[in-house]
Amino acid sequence: MKKLLLVTAIAALSVSAAQAAPTIYGKAFLAADYVNAEFDGPTGNMYDEDTVEINSHASRIGFKGSEAMTANTDVIYRLEYGTSLDGDNATFSNRDTYLGINNKQFGEFRVGKNQSSLARIDNVVVNQGYWDNLGQNKNEGEVVAALNMADSNRIASSIIWTAPKYNGLPLQLSAMYSSDDANNNDNAGFGVAMLFDQGTGFTAGVAYDKDQNINGDIIRGTATVDLGKYMAAPVTLGALYQVGDYDYGSEKEKGLVISAQMGLNNFTYPAAVYAQYNNTTNLDGDDNADSDQIVVGGKYMYKDNIIAHAYAGVNSADNVPYMGTRGDADVVVVGTGLEYLF
């Protein structure tokens, strides 16, 4: 009898493990970045950094999976955590962590900590490594950073819905709600996004959110075109325009991103080069706080999951705050790194 119970328990555990086995995935990205950053305030030079840094860029590990509930509905889940491979931050931080369902008729629902709907239309940014820095629109602490417009964040206590495709319409529709548990939902937020993509090489998107990524409203529009679909030119062009209206700001923050990426096939392995220009006026809603950024870079794909990176860029910001005063900041970074996906 004991042997029978043991065999039954082992069999049950084996079935359970097989049904719930998650996919383990991740990204390890380490780079050596030469950083030259300066800040000039009313009293002259207030910050001067000239160093080579070893940086971990968006390294992570995650677990994801799904399991059928019914013929039309699956349970879906993801537990994704960011970490710093260089050891600067020895802890793990939540990235996308959710539990949800995916129904063939009603779409997908994710509940937990989710990337905001604003990101659903962002297929324009091509920068990698240090210069994948959209969203840093003010200096924090004593470090002078390369500043840009606000960007999508991961929103805690949120639910995001992705509509199913209806009758082959080339639209991806998303809607999001986030609660504000700490303040009796006084600042509960919402967002919507729609991406048009027929698979012909052209995409267009529009998104709006309120009290999610900033205290205020953001509206964003994007467009991309893959010229390789229309001529013998392996180039993809993109443009993003955004307006952020901060509740506490004196002016609206306006941002522009223009990007181009070209595939190269005359190497042993696939490669690509890219360039991206960012311009932001009224950073963080501050009048006349502006920035310009230009970056060029390339990537060499030894395999689909092993990618070498090189990039160089400069960011100049005027009339931005730092340590209780205002002034002008300049950041120059040249870097190279290796990315491994698993």
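The values are calculated or read from the model by the stated rules, or taken from the named source; none is laboratory data. Remember, predicted model here, so these are calculated numbers, not experimental data. Neighbour counts are summed over all protein chains in view; Cβ atoms, including those assigned to glycine, are modelled from backbone coordinates with ideal geometry. These area figures cover heavy atoms from the full protein model, side chains too; ligands, DNA and RNA do not enter into them. Shrake-Rupley method; radii C 1.70, N 1.55, O 1.52, S 1.80 Å.
Of note:
- Strands (runs of 3 or more DSSP E) (entirely within region 169-247) containing at least 2 residues that are among the aromatic types (F, W, Y) and closer than 23 Å to N279 by Cα: 235-246
- Unmet criterion (only one of (1) touching a Gly at 6+ places or on another chain (Cβ under 9 Å); (2) of a type outside the set (K, R); (3) open to solvent by less than 50 Å² (accessible area, probe 1.4 Å)) for F109: (3)
- Pairs are defined by a Cβ separation below 7 Å, a sequence spacing of at least 6 or placement on different chains, a first member in region 19-48 that is closer than 18 Å to G62 by Cβ, and a second member that is open to solvent by less than 70 Å² (accessible area, probe 1.4 Å) and among the basic types (K, R); the pairs so defined are G26/R60; K27/R60.
- Residue list for region 210-253, filter: under 23 Å from A289 (Cα atoms) and among the acidic types (D, E): D211, D217, D245, D247, E251, E253
- Scanning region 185-208 for residues that are of a type in the set (D, E) and either at positive phi or surrounded by 15 or more Cβ atoms within 10 Å (Cβ to Cβ) (or both) yields one hit, D197.
- Whether a residue is over 16 Å from the mean Cα position of the chain (by Cα), touching a residue at least 60 places away in the same chain (Cβ under 8 Å) and open to solvent by less than 60 Å² (accessible area, probe 1.4 Å) was assessed, and M176 passes this test.
- Among the numbered conditions (1) open to solvent by 60 Å² or more (accessible area, probe 1.4 Å); (2) part of a strand (DSSP E or B); (3) among the hydrophobic types (A, V, I, L, M, F, W, C); (4) farther than 30 Å from Y322 by Cβ, the only one that I76 does not meet is (1).
- Taken together, A232, A223, A272 contain a single residue that is at pLDDT below 95 and farther than 20 Å from N315 by Cα, which is A232.
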